[in-house]
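Take a look at the structure below.
Here, each number is a calculation from the coordinates, and none is a lab measurement. Quick caveat, the model's predicted, so the values are computed rather than measured. Because the Cβ atoms are built from the backbone with ideal geometry, glycine has one as well, and the counts that use them run over all protein chains shown.
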Amino acid sequence: MTQNKQTELMSNAPVTKAILKMSIPVVLGMMVQVLYNLVDTFFIGMLKDENQLAAANITTPIFMLMMAIATIVSTGAASYISRCLGKKDNQSANKTLSTGIAICTGLGILVMAVGLIFLKPFITLLGASEAVYPYAFSYSSIMFIGTLPVMLNYAGGQLIRSEGAVMPSIIGMMIGTVTNVILDPIFIFGLDMGIGGAAIATVLGNVAALGYYMYYYLSGKSLVKFKLKFISGEKKIWGQTFGIGIPAALSQFLMSGALIVLNNLAKTYGENAVAGMGVAAKLMYIGTFIFMGFAAGCQPLVGYNYGANNFSRVKSIIKTSMLITTGIGIVLTTLFGIFASGLISIFTPLPEVIAEGATVLTIYMWSFLVLGPQMLASTTIQAFGKAKASLLLSIARQGLFYIPLLFLLGSRFLFKGLLWAQPISDALTLSLALVLLVSILKKYQKDNKEETSSEPISLQRDGISCEVTERLSLDEH
């Protein structure tokens with residue numbers, strides 16, 4: 001897509017068309033990402049070892065931790081880039097991109113070093129039992145070695161989407177997934193490396209995707225340019241990146257922490273329960289990533305039009321996208337409810353794991369009804385650059401709602417109580433997000449009225465020109 005077509009799509013195309021054109025490719029790319037996650041689970045499940053399947057589940061927080069730190073750049077810098085482009089400030093966008101990539105590189109090196117130094121106590125903290133520990137150690141050590149490409153790949157896709165260039169981000173995801181799909185059976189079975197082979201394939205898949213993103217920026221095809229000379233120490237760029245990025249990252253941090261709490265509480269119910277819960281959680285990525293795709297696709301649209309002070313278009317984007325994702329949520333809840341056992345059995349032949357996984361899935365699926373609007377509300381607030389509201393939402397979902405509910409419902413309703421904590425916390429988070437979003441939109445509309453209702457009017461009288469500032473109400477226009 002050319003630069004003119006990108007800006008035309010974001011500023012003037014019919015809202016539904018713009019949402020679908022920006023979001024559908026991202027959703028398809030996210031489905032590739034889902035495949036990326038499910039492929040490991042599928043091949044590890046073929047080992048017919050509940051301990052390795054459980055290890056794949058309890059090490060998920062490591063990947064989430066890397067994503068959380070990369071989110072500082074992928075959300076914070078991307079949000080500011082979109083707003084800069086809406087204001088036609090390409091130079092600031094260039095500086096933000098280059099600075100964001102530099103920040104992500106530094107953070108990746110730090111995460112790798114800390115992770116490898118404290119690997120053993122970290123695996124214990126994850127909730128690994130004695131039988132699961134060696135498999136968790138094998139997977140985790142390789143993932144930490146590959147921290148840098150994993151984090152830069154994650155951030156790179158969102159940074160590219162921030163300029164409206166959806167397809168390059170999708171191509172990168174596809175390259176990474178195809179690489180992973182090809183390498184998984186080679187390392188897991190061909191080289192007899194088990195779950196460690198899955199980790200190597202995952203890292204190499206990220207390396208391949210990152211290589212494409214580097215080519216995209218360095219070839220000069222991007223609207224926003226990456227150059228070392230654009231790396232900046234400007235306070236506004238760092239403030240916008242961390243001000244929006246940290247609240248978004250905090251949500252991921254808390255999610256990782258909540259998963260650690262959940263795994264530690266669930267391990268008392270046995271490896272089969274932990275393994276089944278892990279398979280169900282991976283299947284939930286199908287819906288979650290669809291909603292993430294719509295949220296990621298709409299964020300540049302919202303940010304661009306917010307920067308351009310086009311309030312009516314911002315409002316229309318939010319309403320339309322929420323209606324679309326609510327409909328998708330209803331369909332997914334119905335399908336998962338009908339085919340729960342069959343879906344779990346794709347990834348493991350073990351009857352005990354299938355039974356546990358089906359139980360988990362038929363409870364988790366209720367989150368689909370609220371996840372779409374919740375994610376859209378959250379990313380809209382981030383696109384507006386509202387750091388305090390983003391911070392509150394980030395803390396609320398996991399810290400204020402989910403983790404307390406795990407203990408409260410787990411003590412009262414045992415294993416099923418742990419599971420119901422997720423959809424209930426998602427519903428509570430949506431309620432809070434909508435309250436914050438409506439409040440921000442009302443203030444934005446009020447400020448917009450005040451700006452547009454004060455106009456200088458030039459009066460010509462007897463050859464004398466005078467400037468008069470006249471305040472008009474919206475109703476008088």
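Numbers at a glance
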read-out	value
Residue order, fewest to most beta carbons within 10 Å, for 193, 151	193, 151
Residue-span extension gain [residue 346 to residue 186] - 0.36 nm each, minus C-alpha spacing	55.6 nm
Ranking of 388, 235 by count of other Cβ atoms within 10 Å, fewest first	235, 388
Taking 177, 333, 75 and counting other C-beta atoms within 10 Å, the order from fewest to most	333, 177, 75
Helix 166-185 vs. the chain, principal-axis angle (Cα, 0 to 90°, nearest 10)	10 degrees
Gyration tensor verdict on region 39-150 (Cα atoms; rounded if a/c is under 1.5, prolate if a/b is larger than b/c, oblate otherwise)	prolate
Separation of alpha-carbon centers, region 236-301 and region 67-128, rounded to whole Å	16 Å
Length-normalised contact order of the chain in % [C-alpha pairs under 8 Å, at least 6 apart]	23 percent
Highest-first arrangement of 125-134, 357-366, where packing means the average Cβ count within 10 Å	357-366, 125-134
Bins of 20 Å from zero: percent of alpha-carbon pairs in region 3-454	26, 59, 15, 0
In sequence order, calculated HN-Hα J values of region 420-428 (Karplus, 6.51, -1.76, 1.60; Hz; x Gly/Pro)	5, 4, 5, x, 5, 5, 5, 5, 5
Euclidean distance between Cα centres, region 395-413 to region 339-389, Å	16 Å
Spin-label model distance (nm) - residue 439 vs residue 331, 7 Å beyond Cα toward Cβ	3.5 nm
Mean Cα-pair separation over length for region 289-401, i.e. relative contact order, pairs under 8 Å, 6 or more apart, %	39 percent
Nearest-ten-degree value, helix 60-71 long axis tilted from longest Cα axis of the chain	20 degrees
Helical contribution to [θ] at 222 nm, DSSP H n ≥ 4, -39,500 (n - 2.57), averaged over the chain, rounded to 500	-26500 deg cm²/dmol
Neighbourhood net charge (12 Å Cβ-Cβ; Lys/Arg +1, Asp/Glu -1) for residue 224	+3
Distance between modelled label sites at residue 113 and residue 407, nm, 7 Å Cα→Cβ extension	3.4 nm
Backbone N under 17 Å from the residue 339 label point (7 Å along Cα→Cβ), restricted to region 290-305	290
13 Å beta-carbon shell around residue 160, net charge (K/R +1, D/E -1)	+2
Angle in degrees between helix 235-266 and the longest Cα principal axis of the chain, rounded to the nearest 10	30 degrees
Potential extension, residue 416-residue 315 segment - 0.36 nm per residue separation minus Cα distance	32.5 nm
